[in-house]
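Here's a structure for you.
Only the coordinates and a few stated rules stand behind these numbers; no lab work does. What you are looking at is a predicted structure, and each value in this text was computed from that prediction instead of being measured. Cβ sites come from the backbone with ideal geometry, for glycine too, and all protein chains shown count toward neighbours.
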Amino acid sequence: MKVVHISRFDGGGGAAMAANRLHQSLQRLGIDSTMFVAEKFTDDPTVTVFQPSSNVLNRVRRRLQRERIKLSWLRYRSRSTPGFSDDRVPGGADLLAQLPAGDIINIHVAFGFLDYRTFFAAVPQHTPVVRTLHDMSFFTGGCHIDWGCGKHRERCGACPQLGSRKEGDMSRQIWRRKRAALSTIPPNGLHLVAPSSWVAKQAKQSSLLQNFPVTTIPLAVDTEIFRPRKRSVVRDALGIPQEASVVLFVAGLISEPLKGFNLLAQALNGVGDLRNLLLICVGRGQPRVEVRVPFLHLGQINNERLLSLVYSAADVFVIPSLQETFGQTTLEAIACGIPVIGSAVAGILDTVRPGVTGLLVPAQDIIALRAAIRGLLQDPARRAELAANCRRIAVEEYALEVQAKRYVELYETILAGVGRSARNPHGQLASDGQLLDYQHHSPSSPKNPLKEETL
């Protein structure tokens, strides 16, 4: 079996890193796996970089296409739309000419790299395509997260993120082009993988994907890198007081409203009576809210081993997000044996299991968040119990090898359905409208109870 992963990047962001982890894990299982990217961050020789055609005619065509796309966005130029992407890519037809041959194609980070219309019109019908849904962009009119809008269930239009009140706005136009592109795909030609049951549900409710099979395969974490370490040693190494009650927050961008740092700050501002409280924050940018408790901002940490030390220095990890497709940071925390307090929303519901790996509180409920933090910090015995559960579940359900085996099983079942390999006796391909769920049902893997390890 040869698998080709298409991703705009092979690193530098959460979804791209997740795609690369899967690629490497498949290789360790003996699968012939290749990545095809627009921008390369690693030195992996099995990652191939797309080279735009240098032909003069193609270069002129790409420039004209780029200008047409820019003109179509002029009316929205005063609106900041991070996390919103077009389905069109200049020179999109060139991608397939360089795409490595494979038995199955797995698409990951597609924005700015894969042109929907040209790709799905030209991909060989005998080559099944898997689309891993790292966010919502594949089934919306452009937004990566819909902020609860819900218009993807119909046909988008009058998009709040575009600041538009017109039904025929850019989001509706993107939705129409995506519908036209997806309508060319045969029933067994596209298989969706969702990282959480919430994303799977959103995909099945969407007007674009409701007729395609969806399988839930959670993201994974390297449980050898993200593992419990001796807290006293870690705190000495990082200069963190041994007696501190450490609350940890991690996000790519601290000021991103969806991540809810302002909610955490407000919650902690009301627990000044807790002795030795320390908030540690990891991520780019600066908070946009006053923090009135002892606060250590470590900035962005790209080294995973160093980041794992920061997790191990914490007493609790808090993810107060308003919406989250999965929450990779929750996996990193529980793999390090750190209990998690999270908002009871979206993908967080899969990993933060009340009384098992942590606590859930209603989204945006500052009082409930404050009470959960206070209660857990004041109960070391309960934290220890949750910590043991966290590590065990991380190893059993979210290790890289576990995820890779789930993908192999899915790939083999898909290929068997198109006559390309023998059916896996344990595989079961979902029919239209059916959800397959690998959540909490992992292949057998060695149990690894919580244990503190030295640096």
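What is the pair-distance distribution P(r) of segment 2-212, computed from all Cα-Cα distances in 10 Å bins starting at 0, with each bin given as a whole percent?
For segment 2-212, the pair-distance distribution reads 8, 33, 38, 18, 2, 0.
Residue by residue, what Karplus-based ³J(HN,Hα) values in Hz, rounded to whole numbers, does segment 276-284 have, using 6.51, -1.76 and 1.60 with θ = phi - 60° and x for Gly and Pro?
Result, ordered by residue: 6, 5, 9, 9, 10, 10, 10, x, 6 Hz.
Measure off 7 Å from each Cα along the Cα-to-Cβ vector at E167 and V356, then give the distance between these two points in nanometres to one decimal.
4.5 nm
Averaging over every viewing direction, what projected area does the convex hull of the Cα atoms of segment 214-286 cover, in nm²?
7.5 nm²
Set the Förster radius R0 to 51 Å, insert the Cβ-Cβ distance between K40 and V289 as r into 1/(1 + (r/R0)^6), and round the FRET efficiency to 0.05.
After rounding, the FRET efficiency stands at 0.85.
What is the diffusion coefficient of segment 113-164 in µm²/s, taking the Kirkwood radius over Cα pairs and the Stokes-Einstein relation at 20 °C with a viscosity of 1.002 mPa s?
Reported coefficient: 167 µm²/s.
Then there is this: Taking 8 Å as the Cα distance limit and 6 or more residues as the minimum spacing, I'd like the relative contact order of the chain as a percentage.
Rounded, it is 14 percent for the chain.
I would also like to ask the following. Based on the Kirkwood radius over alpha-carbon pairs, what value in µm²/s does the Stokes-Einstein equation return for the translational diffusion coefficient of segment 231-397 at 20 °C and 1.002 mPa s?
After rounding, the answer is 138 µm²/s.
Two decimals is fine: what's Rg over Rh for the chain, C-alpha atoms, Kirkwood radius as Rh?
0.98
Just flag the trypsin sites (Lys or Arg not before Pro) in segment 270-317 sitting in loop per DSSP whose Cβ has no more than 14 other Cβ atoms within 10 Å.
R275, R288, R292
While we're on this one: Please compute the net charge surrounding P354, taking Lys and Arg as +1 and Asp and Glu as -1 over other residues with Cβ under 15 Å from its Cβ.
Within the 15 Å Cβ shell, the charges total -1.
Taking square-rooted eigenvalues a ≥ b ≥ c of the alpha carbon gyration tensor, is segment 238-333 rounded, prolate or oblate, where a/c under 1.5 means rounded and, failing that, a/b exceeding b/c means prolate?
oblate
Output ³J(HN,Hα) for segment 35-44: one whole-Hz value per residue in order, computed from phi by the Karplus curve 6.51 cos²θ - 1.76 cosθ + 1.60 with θ = phi - 60°, and x for Gly and Pro.
10, 10, 10, 8, 10, 9, 9, 9, 9, 5
Please list, by residue number, every one of the trypsin sites (Lys or Arg not before Pro) in segment 154-245 that is coil in DSSP and has at most 10 other beta-carbon atoms within 10 Å.
Qualifying residues, ordered by number: R165.
Test of understanding: what is the full-extension gain from H126 to A97, defined as 0.36 nm times their sequence separation minus their Cα-Cα distance?
Difference between extended and current length: 8.8 nm.
Same structure, new question: How many nm is it between the label spots at E224 and I31, if each spot is 7 Å from the Cα in line with the beta carbon?
1.9 nm
What longest region of the chain stays clear of GluC sites (Glu not before Pro) that DSSP places outside H, G, I, E and B and that have at most 13 other Cβ atoms within 10 Å?
Answer from the scan: 291-455.
Further question on the same structure: Which of T215, T184 has the fewest other C-beta atoms within 10 Å, and how do the rest follow up to the most?
The most exposed by this proxy come first: T184, T215.
In addition: For S33, list long-range residues whose amide hydrogen, built 1.01 Å from N in the peptide plane, is under 5 Å from its own amide hydrogen.
Residues meeting the criterion, in which the H sits 1.01 Å from N, are V3.
While we're on this one: Out of residues 5 or more away from L296 or on other chains, whose amide H comes under 5 Å of its own, with H placed 1.01 Å from N in the peptide plane?
Here the answer is L279, I280, C281, since their amide H atoms fall under 5 Å of that of L296.
Along segment 285-301, what does the Karplus equation 6.51 cos²θ - 1.76 cosθ + 1.60 (θ = phi - 60°) give for ³J(HN,Hα), rounded to whole Hz, x for Gly and Pro?
x, 10, x, 9, 9, 5, 10, 9, 10, x, 9, 10, 9, 8, x, 7, 10
Here's another thing I want to ask about it. Please order V123, V246 by the number of other Cβ within 10 Å, starting at the fewest.
So the residues, fewest neighbours to most, are V123, V246.
Looking at segment 231-397, what % of its DSSP beta bridges pair antiparallel, to the nearest 5?
Antiparallel: roughly 0 percent of the beta bridges in segment 231-397.
Can you list residues from other chains, or at least 5 along the same chain, whose modelled amide H is less than 5 Å from the amide H of S245?
When sequence neighbours closer than 5 places are left aside, the close amide H contacts are L277, L278.
Oh, and also: Round to the nearest 10 and give me the degree value, 0 to 90, for the angle of helix 380-397's Cα axis relative to the longest principal axis of the chain.
Here the helix axis deviates by roughly 20 degrees.
For q = 0.12, 0.13, 0.21 Å⁻¹, what log10 I(q)/I(0) does segment 53-178 give under the Debye formula with an equal point scatterer on each alpha carbon and no solvent?
Reported log10 I(q)/I(0), two decimals: -0.51, -0.59, -1.27.
Quick one: V402, V418, V247, fewest Cβ neighbours within 10 Å first, how do they rank?
V418, V402, V247
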